[in-house]
Amino acid sequence: MPEIAKTSLIDRFNRRIDYVRLSVTDRCDFRCTYCMAEDMTFLPRRDVLSLEEIARIAGIFVNLGVAKLRVTGGEPLVRRDVGQLFQQLGALEGLAELAVTTNGSQLAQHAPALRAAGVTTVNISLDTLDPERFHALTRTGHLHDVLAGIEAARAQHFPRIRINSVILQGSNETDVLPLLNFALDRGLDIAFIEEMPLGQVNLAGKPLEFVASDEILETIARHHDLQPDTAPDHGGPARYWRVDGGPSRLGLISPHSNNFCASCNRLRVTAEGQLLLCLGNDHAISLRDLLRAGASDADLSEAICRALQDKPEQHVFAQPDQPQIMRFMNASGG
């Protein structure tokens with residue numbers, strides 16, 4: 001395909017896009033309360049991008065200057081033959097970071113192959129260390145599977161492993177310090193994430209239960225020394241602190257209480273090939289339809305660059321009890 005300038009992915013607010021999240025499935029072996037309904041209807045398999053289509057899209061983005069790819073779901077490791085995709089992505093020339101976000105349930109089995117394929121960063125969802133609470137939050141999951149996955153990842157010496165924790169009012173607020181200490185004891189990073197208001201209407205008006213990041217920070221600061229981490233990061237919305245002078249970093253992702261849109265550097269591709277320009281808005285184009293209509297790589301590159309000019313300035317969660325977005329997180333690409 002024709003060479004395209006590496007600075008092509010710049011939106012109308014002068015934000016450079018160098019990070020793309022690729023969903024490989026909307027399916028998951030968990031049913032986390034803040035992510036999915038208990039009874040879900042999943043995409044027909046014909047509507048989901050093939051692994052070959054995902055690899056082709058990834059190559060186009062890297063050619064456009066994207067340096068970081070993150071594979072997400074649903075739960076990406078339940079996708080059949082997903083290891084082949086990681087091998088293809090890991091071989092892309094110019095890619096600086098290959099990451100995966102997982103619930104950890106299948107990680108013990110896949111960790112060696114992921115490391116061999118070139119995965120550099122693993123984010124693992126873990127919202128509690130209490131087995132009963134874990135099962136209640138995930139509806140179907142078992143804590144010991146995730147803990148085994150974390151240990152398998154540690155054994156592979158990935159350059160970076162991060163625990164992702166969503167803290168909900170009336171549910172797992174007391175898990176903040178145990179989760180932090182779990183990460184510190186193992187030399188892992190941890191990020192506490194405010195619940196996103198997606199799909200709530202589908203959940204029969206379920207109110208948001210997020211705990212503000214500042215509350216979490218205050219709780220932690222009473223027990224640990226925190227220093228803002230000023231080292232450059234490889235993209236993402238988290239604000240980081242060093243904890244007790246050690247190697248682990250505490251991250252806070254605050255879509256409600258600390259808007260990070262001015263520095264947004266990412267796009268999402270859903271499992272059905274929708275290019276989402278913003279997680280908190282519905283702006284999108286179908287890369288799948290273009291692919292299956294016979295578009296060339298140059299055509300797809302042009303469509304991506306053109307669509308980028310519609311990327312909104314920011315998401316708006318000012319009315320969290322009346323969310324604008326009807327899709328669940330598993331349909332949005334993690």
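The values are calculated or read from the model by the stated rules, or taken from the named source; none is laboratory data. Note that this is a predicted model, so its numbers are computed, not measured. Because the Cβ atoms are built from the backbone with ideal geometry, glycine has one as well, and the counts that use them run over all protein chains shown.
How many of the residues in segment 72-81 are buried (at least 23 other Cβ atoms within 10 Å of the Cβ) and at pLDDT 95 or above?
At the first step, the residues of segment 72-81 found to be buried (at least 23 other Cβ atoms within 10 Å of the Cβ) are 72-77.
From what is left, the residues that are at pLDDT 95 or above are 72, 75-77.
The total comes to 4.
Can you name the condition, by its number, that residue 198 falls short on among (1) assigned to a helix (DSSP H, G or I); (2) modelled with pLDDT under 90; (3) hydrophobic (A, V, I, L, M, F, W, C)?
The one condition residue 198 does not meet is (1).
Determine the pairs where a residue that is charged (D, E, K, R), located within segment 78-99, has a partner that is modelled with pLDDT of 95 or more with Cβ atoms under 7 Å apart, the partner being 6 or more residues away or on another chain.
79/24; 79/25; 81/51; 97/67; 97/68; 97/120; 97/121
Restricted to segment 257-277, and to residues that are part of a loop (DSSP other than H, G, I, E, B), closer than 26 Å to residue 215 by Cβ and hydrophobic (A, V, I, L, M, F, W, C), which residue is modelled with the highest pLDDT?
264
If residue 52 satisfies every condition in (1) surrounded by 16 or more Cβ atoms within 10 Å (Cβ to Cβ); (2) out of contact with any His (no Cβ under 8 Å at 6 or more places or on another chain) but one, which is the exception?
(1) is the only condition that residue 52 fails.
Any idea how many residues of segment 291-334 are assigned to a loop (DSSP other than H, G, I, E, B) and at pLDDT 60 or above?
Matching residues across segment 291-334 total 12.
Report, ordered by the first and then the second residue, all pairs with beta carbons closer than 8 Å, sequence separation of six or more or different chains, a first member in segment 279-295 that is in contact (Cβ under 8 Å) with a residue 12 or more places away in the chain, and a second member that is surrounded by 15 or more Cβ atoms within 10 Å (Cβ to Cβ) and among the aromatic types (Phe, Trp, Tyr).
From residues that are in contact (Cβ under 8 Å) with a residue 12 or more places away in the chain, the pairs are 280/317.
Enumerate the pairs (first residue in segment 15-42 and touching a residue at least 12 places away in the same chain (Cβ under 8 Å) and part of a loop (DSSP other than H, G, I, E, B); second residue anywhere and surrounded by 22 or more Cβ atoms within 10 Å (Cβ to Cβ) and polar (S, T, N, Q)) with beta-carbon separation below 6 Å, excluding pairs fewer than 6 apart on the same chain, so at least 6 apart or on different chains.
26/330; 28/330; 29/105; 30/103; 30/138; 32/138; 35/330; 36/330
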